[in-house]
1. I'd like to check which helices (runs of 4 or more DSSP H) are fully inside the range 1-102 and have at least 2 residues that are within 14 Å of the chain's Cα centre (by Cα).
2. Looking at 113, 137, can you tell me which residue is of a type outside the set (Phe, Trp, Tyr), crowded, with 19+ Cβ neighbours inside 10 Å, touching a residue at least 60 places away in the same chain (Cβ under 8 Å) and in a helix (DSSP H, G or I)?
3. Quickly run through the range 82-110 and pick out the residues that are buried (at least 21 other Cβ atoms within 10 Å of the Cβ), in contact (Cβ under 8 Å) with a residue 60 or more places away in the chain and within 21 Å of residue 20 (Cβ to Cβ).
4. What do you reckon, is residue 104 modelled with pLDDT of 90 or more, touching a Ser or Thr at 6+ places or on another chain (Cβ under 9 Å) and under 19 Å from residue 28 (Cβ atoms)?
5. Out of all the residues in the range 116-134, which are of a type in the set (Ser, Thr, Tyr) and in contact (Cβ under 8 Å) with a residue 40 or more places away in the chain?
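The values are calculated or read from the model by the stated rules, or taken from the named source; none is laboratory data. Just so it is clear, the model here is predicted, and its values are computed rather than measured. Quick reminder, even Gly has a Cβ in these numbers, built from the backbone with ideal geometry, and neighbours come from all protein chains shown.
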Amino acid sequence: MDLSPLFHVMRCKPFYIAGISAFTAAVPFVLIYSFYPVFFKELGFSEATIGGITALLSVGYIIIGFTYGKLESLLGRKFLLCMGMAGTGIWIILSPFISNMWIFMILIMGLGVTGGYSNVLYQLLTTQYSNKEQRNVSLAFVGLFWSIAQLTVPLGFGWVAEREKGDNVIQLQAFYGKIV
């Protein structure tokens, strides 16, 4: 088995940028299906309301799917990369301070939009900087960053939630948003 494509991918900086973007893109999905439902339940939202709010994440991703090309031509890829990461972090930081359902609807849709930037960008970067022969290895390597978010985010929040009061979990979420 020839591992040379993997070593090439591991030495290429754009794949790490794409990986960070993939990690950032995964965070909204992980939080919307692990942490936010519990948080919404503590705020007293009904199951139907929780389902409706969480569905809005996909609306944000759909908006970006239709508008990304135009936004990239207007604003540039670097700006969208920063917007995706900073925006995701800002939305996560804001969420502990909101208890109004309507504001949460806007927040979750905004989280979908900023996560959508990162979602499209990591795929574009990966395909742009990989040749046809190494594309599968490149996509697998960048996908590891997505998987790391799928593993670490719920484990981190779950571990703290079992040991601490809800307020500390909210503070952890705000801290995690700052990191993103």
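1. Values: elements: 4-10, 13-34, 36-42, 47-75, 77-94.
It comes to 13-34, 47-75, 77-94.
2. Values: 113 fails: touching a residue at least 60 places away in the same chain (Cβ under 8 Å).
137 is the lone residue from the list that is of a type outside the set (Phe, Trp, Tyr), crowded, with 19+ Cβ neighbours inside 10 Å, touching a residue at least 60 places away in the same chain (Cβ under 8 Å) and in a helix (DSSP H, G or I).
3. Once the filter is applied, which keeps residues that are buried (at least 21 other Cβ atoms within 10 Å of the Cβ), in contact (Cβ under 8 Å) with a residue 60 or more places away in the chain and within 21 Å of residue 20 (Cβ to Cβ), the range 82-110 yields 84, 85, 88, 91, 92.
4. On the way: modelled with pLDDT of 90 or more: no; touching a Ser or Thr at 6+ places or on another chain (Cβ under 9 Å): yes; under 19 Å from residue 28 (Cβ atoms): yes.
No: the conditions fail for residue 104.
5. Initial filter on the range 116-134 (of a type in the set (Ser, Thr, Tyr)): 117-118, 122, 126-127, 129-130.
Within the range 116-134, 117, 118, 122, 126, 129, 130 qualify.
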